[in-house]
1. Of the residues Leu77, Leu54, Leu37, which single one is more than 27 Å from Ala155 (Cα to Cα), buried (at least 24 other Cβ atoms within 10 Å of the Cβ) and in the same structural domain as Leu154 (by the TED database)?
2. Quick one: in the range 3-34, of everything that is without any contact (Cβ under 8 Å) to a residue 40 or more places away in the chain and either among the aliphatic types (A, V, I, L, M) or part of a loop (DSSP other than H, G, I, E, B) (or both), which residue is most open to solvent (accessible area, probe 1.4 Å)?
3. For the range 35-47: of the residues being assigned to a loop (DSSP other than H, G, I, E, B) and touching a residue at least 40 places away in the same chain (Cβ under 8 Å), which is farthest from His253 (Cα to Cα)?
4. With of a type outside the set (Ser, Thr, Tyr) and over 30 Å from Ala109 (Cα atoms) as the only criterion, which of Gly244, Gly252 stands out?
5. From Gly309, Gly323, Gly303, Gly370, which residue is under 29 Å from Glu48 (Cα atoms) and open to solvent by 30 Å² or more (accessible area, probe 1.4 Å)?
6. Quick check on my filter: what residues within the range 187-202 are among the polar types (S, T, N, Q), within 17 Å of Cys280 (Cα to Cα), open to solvent by less than 30 Å² (accessible area, probe 1.4 Å) and assigned to a loop (DSSP other than H, G, I, E, B)?
7. Just name the residue that is nearest to Leu162 (Cα to Cα) out of those in the range 100-117 that are within 25 Å of the chain's Cα centre (by Cα) and free of Cβ contacts under 8 Å to residues at least 60 places away in the same chain.
8. Out of the residues in the range 238-261 that are assigned to a loop (DSSP other than H, G, I, E, B) and among the aliphatic types (A, V, I, L, M), which is surrounded by the fewest Cβ atoms within 10 Å (Cβ to Cβ)?
Amino acid sequence: MSATKEIVIALDEGTTNAKAVALDGKGRVIAKFSHPLSIQTPRAGWVEQSGEALIDASIDMIAKAIAHVGAENVAALAISNQRETAVGWYRNSGTPLNSAITWQCSRTADVCERIRRSDLEKTIKTATGLPVAPLFSGSKMRWLLESVPNGPALAEQGEICLGTVDSWLLWNFTQGESFFCDYSNAARTQLFNLNDGDWDDTMLNIFQIPRMALPDVKPSSGLFGYTKGLKGIPDGLPIMSMIGDSHAALFGHALGEAGCVKATYGTGSSVMAPVKSAQCDIPSLATTIAWHDGEQTVYALEGNIPHTGDAVAWMADCTGLSGLPSKELEQELNALPASVESTLGVYFVPALTGLGAPWWDENARGVICGLSRGVERAHLIRAALESITYQIADVIEAMREHDDFTLTALMVDGGPTKNDWLMQYQADLLGCPVMRSDIPELSAIGAGLLARKAIGHMSLDDMKAYLADHGEFHPDMERHQRLQTRWHEWRNAVERTLWRQ
């Protein structure tokens, strides 16, 4: 990489925002641009987005970042993306079949239940590392095919493309010249065999997905294609990494160091721990490919939670806070929970479209219990914030059953981590340090590091110099003991939401 072309533009295409971050030659953020994205909920349990809106916002933000730093200084693009969201489009025109079905959507719950009843779940978990759930892309892709006339037949003929968001972005960024996804995103479809490193014929048969419709799979770090025909973005700019956002954050925190467990606090949360193999006998957790860095495949143990930051946003809506300016809202979410000593026995289980790990009940629905006459807004907001910490603790408790699991620190990132009260409560509940990234755009950082690794042919030891600093929250062990009772009461509240008793 020449001295002038040292900047990497990293796109983080999430559920609520498309962000473009410019990273200098030392991996530091020098500019960032963000555009909000909307979601649609046309029916109960359905959550979708416009595929075109994802593309338009992403291109616009990348173009602004490039204009800010100068196109002559940009070496490459990097992409991190919301995972499990499924997109289908016609190969010749690039027109979407339907709205993008997001990871939160539970419209395929009935399909997943039929698969469970057919005793195929163990077969699926062994091959893909994933429990059967509408979270994952395979059942969504089948729904997309069935949503258009002759969809399955057209897919068999190679006239329809199915992909995760990374492949949808890449297709549009290259004007259809590149149709790939990376290992991390492929591993979230429930169609990919972790051991073989390829699409699994048995899974394709179960979900009735033609192989012709799927992208080829490549390492997360390496050349995916070149930009072409994009407004404000020069042609020929290499796209040097693609990776799911949670995986990118794990890489950005500590490059996959053992014991450094990652929790991304966003709309939902991914709790991810690096492990040595794809083998996992814990039914409530997923095993996944964290990334392929161009040299080796790295695996991870993961639990996915649909509603964490989303739970706080929902409670802010219901309590009249959501109309505040963003900075004032942030201040209120810090001050309100600290203004009361407890929730007065209130627990909020935000199963708004079902429960994820470790419960995996898409039919569960949210509950607020323990209400009494003295409960005020501060208690409800505190209950929403506490629900994040309990859900993450539930996943970590399940992870402790894995022989290869260690926890030395919880490495955290995402918008809600700005809340100091929340971070301290999480540390006290878990009884371990919580390490907060000083850079909130950690998914973009991780994708950018993988791009830089490919450009500079760097080793992991070389990459350590690029890691961002972290703030530390140390646990109060006396409070830790007291909070175990609260955590137990939380689990009693969870039982009230479960559909399968």
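1. Values: Leu54 fails: more than 27 Å from Ala155 (Cα to Cα); Leu37 fails: buried (at least 24 other Cβ atoms within 10 Å of the Cβ).
Only one candidate qualifies: Leu77.
2. Arg28
3. From the range 35-47, those assigned to a loop (DSSP other than H, G, I, E, B) are 37-39, 41-47; that's our starting set.
Applying the additional criterion that residues be touching a residue at least 40 places away in the same chain (Cβ under 8 Å) yields 39, 43, 45-47.
Numbers: Ile39: 29, Arg43: 37, Gly45: 33, Trp46: 33, Val47: 30 Å.
Among those residues, the one meeting the criterion is Arg43.
4. Values: Gly244 fails: over 30 Å from Ala109 (Cα atoms).
Result: Gly252 is the single residue among Gly244, Gly252 that is of a type outside the set (Ser, Thr, Tyr) and over 30 Å from Ala109 (Cα atoms).
5. Values: Gly309 fails: open to solvent by 30 Å² or more (accessible area, probe 1.4 Å); Gly303 fails: open to solvent by 30 Å² or more (accessible area, probe 1.4 Å); Gly370 fails: under 29 Å from Glu48 (Cα atoms).
Testing whether each residue is under 29 Å from Glu48 (Cα atoms) and open to solvent by 30 Å² or more (accessible area, probe 1.4 Å) leaves just Gly323.
6. At the first step, the residues of the range 187-202 found to be among the polar types (S, T, N, Q) are 189-190, 193, 195, 202.
Restricting the remaining residues to those that are within 17 Å of Cys280 (Cα to Cα) gives 190, 193, 195.
Within this subset, residues satisfying the condition of being open to solvent by less than 30 Å² (accessible area, probe 1.4 Å) are 190, 193.
Once the filter is applied, which keeps residues that are among the polar types (S, T, N, Q), within 17 Å of Cys280 (Cα to Cα), open to solvent by less than 30 Å² (accessible area, probe 1.4 Å) and assigned to a loop (DSSP other than H, G, I, E, B), the range 187-202 yields only Gln190.
7. First, the residues of the range 100-117 that are within 25 Å of the chain's Cα centre (by Cα): 100-113, 115-116.
Now narrow it down to the ones that are free of Cβ contacts under 8 Å to residues at least 60 places away in the same chain: 101, 108, 110-111, 113, 116.
Details: Ile101: 12, Thr108: 16, Asp110: 21, Val111: 18, Glu113: 23, Arg116: 24 Å.
For the range 100-117, the residue satisfying everything is Ile101.
8. To start, the set of residues in the range 238-261 that are assigned to a loop (DSSP other than H, G, I, E, B) comprises 255-259.
If we keep only those that are among the aliphatic types (A, V, I, L, M) as well, we get 255, 258.
On the way: Leu255: 20, Ala258: 14.
Step by step, filter the range 238-261, then rank; the result is Ala258.
The values are calculated or read from the model by the stated rules, or taken from the named source; none is laboratory data. All figures in this text were calculated on a predicted structure; none of them were measured in a lab. Glycine gets a Cβ as well: all are built from the backbone with ideal geometry, and neighbour counts include every protein chain shown. To get the accessible areas, we keep the full protein, side chains included, count just its heavy atoms, and leave off ligands, DNA and RNA. Shrake-Rupley method; radii C 1.70, N 1.55, O 1.52, S 1.80 Å.
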